[in-house]
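S.K.: What follows is a structure written as structure tokens; I'll ask about it next.
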Amino acid sequence: MGAIFSLEGKVALLTGSSRGLGQGMAIGLAEAGAVVIGAGIGDMSDTQNKIEAIGGTFHQLEADLSQNQAAQKLVEDALAITGKIDILVNNAGIIRREDAENFSDEDWFDVIQVNQHSVFQLCREVGKHMLENNSGKIINVASMLSFQGGLRVPAYTASKHAVAGLTKSLANEWGRKGVNVNAIAPGYMATDNTAQLRANEERNEYITSRIPQGRWGTPEDLKGAVIFLASDASSYVNGHILCVDGGWMSS
């Protein structure tokens, strides 16, 4: 039964892999047997060391996805290393917090570029490669704010709604051509992005009380979801937004 979840012989390109959720998913993919190409602007040595410690292979590529041409170059560089990309995980993202009436155009476009536009560009460029091979798994990282409105994060909310819509659109186009496109929507996770929320005692208490499992999630909680969506176990799953949220959406 374990073979259906195996990623042996597969190559995964994952953005935002230096820490947090990206690091957790990168390690999970490596544990399942995939060669992982990590892309980002931060120091990825910790992720590389953890993957190599379990006997896995990790390649680092610098990519600043706030720059419009970065996505195409990243795909070219990744293919130059491994010759193929079987799995794409669009995890890189940023967040800016401000009251909507004071939210600047600069912050709006910064968030949309990284969280939405670069996701489309990477799906398009990797998708071309996967369509040529009639095979591939694309996993976008959505959010609880793909379904809800949030507070003081208008650009982030808009971008994550867009990620959910893009996932469904591409699944419709590419499903018959061997490419599965799905998304993971993490719940409230203990990462750098949520440090401000967790530091606010009132908000932290409210959020924790509404999660049926009674705790914030961790990067390790995403391992199973990403392995499932990257493997043959999900061969008939397409256009789905998988919530990994401790039950938040059901509460």
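The values are calculated or read from the model by the stated rules, or taken from the named source; none is laboratory data. All values derive from a computational prediction rather than experimental measurement. Here the Cβ positions follow ideal geometry from the backbone for every residue, glycine too, while neighbour counts run over all protein chains shown. Side chains included, ligands, DNA and RNA excluded: accessible areas come from the protein's heavy atoms. Shrake-Rupley method; radii C 1.70, N 1.55, O 1.52, S 1.80 Å.
S.K.: Name the residues in segment 14-30 that are within 17 Å of GLY55 (Cβ to Cβ) and either touching a strand residue (DSSP E or B) at 6+ places or on another chain (Cβ under 8 Å) or open to solvent by less than 10 Å² (accessible area, probe 1.4 Å) (or both), would you?
M.R.: ALA26, GLY28, LEU29, ALA30
S.K.: Pull up segment 58-79, narrow it to residues that are at pLDDT 95 or above, polar (S, T, N, Q) and not in a helix (DSSP H, G or I), then point me to the one that is nearest to ILE94 (Cα to Cα).
M.R.: Taking the candidates together, the pick is SER66.
S.K.: Being of a type in the set (A, V, I, L, M, F, W, C) and open to solvent by 40 Å² or more (accessible area, probe 1.4 Å) is the filter here, so list the residues in segment 137-157 that pass it.
M.R.: PHE147, LEU151
S.K.: Further question on the same structure: Please identify the pairs in which a residue from segment 227-251 that is in a loop (DSSP other than H, G, I, E, B) has its Cβ atom under 7 Å from the Cβ atom of a residue that is open to solvent by 40 Å² or more (accessible area, probe 1.4 Å) and of a type in the set (Lys, Arg), counting only partners at least 6 apart or on another chain.
M.R.: Close Cβ pairs satisfying both conditions: GLY239/LYS168; GLY246/ARG215; SER251/ARG210.
S.K.: Which residue is modelled with the highest pLDDT, if the candidates are limited to segment 208-251 and must be farther than 29 Å from GLU31 by Cβ and either basic (Lys, Arg) or open to solvent by less than 80 Å² (accessible area, probe 1.4 Å) (or both)?
M.R.: Result: ARG210.
S.K.: Turning to a different aspect of this structure: Which numbered condition trips up CYS123, out of (1) in a helix (DSSP H, G or I); (2) open to solvent by 50 Å² or more (accessible area, probe 1.4 Å)?
M.R.: (2)
S.K.: At pLDDT 95 or above, within 23 Å of SER234 (Cβ to Cβ) and not basic (Lys, Arg), is that true of GLY165?
M.R.: The answer is yes for GLY165.
S.K.: Can I ask one more? Residues in segment 31-58 that are touching a residue at least 40 places away in the same chain (Cβ under 8 Å), open to solvent by 10 Å² or more (accessible area, probe 1.4 Å) and either under 13 Å from ILE139 (Cβ atoms) or of a type outside the set (Asp, Glu) (or both): how many?
M.R.: Residues meeting the conditions: 3.
S.K.: Step by step: first the residues of segment 33-54, then only those that are touching a Lys or Arg at 6+ places or on another chain (Cβ under 9 Å) and in a helix (DSSP H, G or I), then the one that is nearest to ILE81 (Cα to Cα). Which residue is that?
M.R.: That would be THR47.
S.K.: Same structure, new question: Can you find a residue that is assigned to a helix (DSSP H, G or I) and more than 15 Å from the chain's Cα centre (by Cα) anywhere in segment 141-150?
M.R.: No, segment 141-150 has no match at all.
S.K.: Now a separate question. Among ALA158, ALA230, ALA185, ALA195, which is the only one that is under 19 Å from VAL126 (Cβ atoms) and not β-branched (Val, Ile, Thr)?
M.R.: Testing whether each residue is under 19 Å from VAL126 (Cβ atoms) and not β-branched (Val, Ile, Thr) leaves just ALA230.
S.K.: Of all residues in segment 179-202 being assigned to a loop (DSSP other than H, G, I, E, B) and open to solvent by 30 Å² or more (accessible area, probe 1.4 Å), which is nearest to SER18 (Cα to Cα)?
M.R.: Only one residue fits best here, namely ALA190.
S.K.: Taking into account only those residues within segment 80-108 that are without any contact (Cβ under 8 Å) to a residue 24 or more places away in the chain and outside any loop (DSSP other than H, G, I, E, B), which is surrounded by the fewest Cβ atoms within 10 Å (Cβ to Cβ)?
M.R.: GLU101
S.K.: Residues that are touching a Leu at 6+ places or on another chain (Cβ under 8 Å) and aliphatic (A, V, I, L, M): does segment 148-163 have at least one?
M.R.: Yes - at least one qualifying residue is present in segment 148-163.
S.K.: Right, here's the next one. Within segment 147-155, is there a residue that is over 28 Å from THR82 (Cβ atoms) and polar (S, T, N, Q)?
M.R.: Yes, some residue in segment 147-155 is over 28 Å from THR82 (Cβ atoms) and polar (S, T, N, Q).
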